[in-house]
Amino acid sequence: MTSKHTPGKWKINSQTYSIRAETVGTVVYGNPDNPNRKADAHLIVAAPAMLAALREARMVLTQGKGVPATAPVIKTIDAAIAQTECP
């Protein structure tokens, strides 16, 4: 499955907490009026790594550990991954 998000690596500007995608030089997040912008920026920058970790965990659980695709933990992982996908 391929991702449609702006490719990383993403960097946080420590002054404004805007996020720039190094590969394309585009600001992908930046709202100076948001009081939560520092925490939001750190979460957003971590998102691609978390998505990759979820995909790997799903593979290890279903293929390596034999957890059925109907198990609650797999359904939770699938739901989280689905939230990252554009229709």
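So which pairs qualify, if the first residue must be in the stretch 28-41 and closer than 8 Å to Ser18 by Cβ, the second must be hydrophobic (A, V, I, L, M, F, W, C) and surrounded by 15 or more Cβ atoms within 10 Å (Cβ to Cβ), the Cβ gap must be under 8 Å, and the two must be at least 6 apart or on different chains?
If the second residue must be hydrophobic (A, V, I, L, M, F, W, C) and surrounded by 15 or more Cβ atoms within 10 Å (Cβ to Cβ), the pairs left are Tyr29/Ile19; Tyr29/Ala41; Tyr29/Ile44; Gly30/Ile19; Ala41/Ile12; Ala41/Ile19.
Is it the case that the stretch 52-64 has a residue that's touching a residue at least 24 places away in the same chain (Cβ under 8 Å) and either within 24 Å of Lys9 (Cβ to Cβ) or surrounded by 10 or more Cβ atoms within 10 Å (Cβ to Cβ) (or both)?
Among the residues of the stretch 52-64, at least one is touching a residue at least 24 places away in the same chain (Cβ under 8 Å) and either within 24 Å of Lys9 (Cβ to Cβ) or surrounded by 10 or more Cβ atoms within 10 Å (Cβ to Cβ) (or both), which makes the answer yes.
For the stretch 21-53: of the residues being touching a strand residue (DSSP E or B) at 6+ places or on another chain (Cβ under 6 Å) and either modelled with pLDDT of 80 or more or polar (S, T, N, Q) (or both), which is farthest from Ile77 (Cα to Cα)?
The extreme case among them is Ala41.
If we only count strands (runs of 3 or more DSSP E) wholly inside the stretch 2-87, which ones have 1 or more residues that are in contact with a Cys (Cβ under 9 Å, 6 or more places away or on another chain) and hydrophobic (A, V, I, L, M, F, W, C)?
It comes to none.
The values are calculated or read from the model by the stated rules, or taken from the named source; none is laboratory data. Everything numeric here is computed off the predicted structure, so don't read it as measured data. Neighbour counts run over all protein chains shown; Cβ positions are idealised from the backbone, glycine included.
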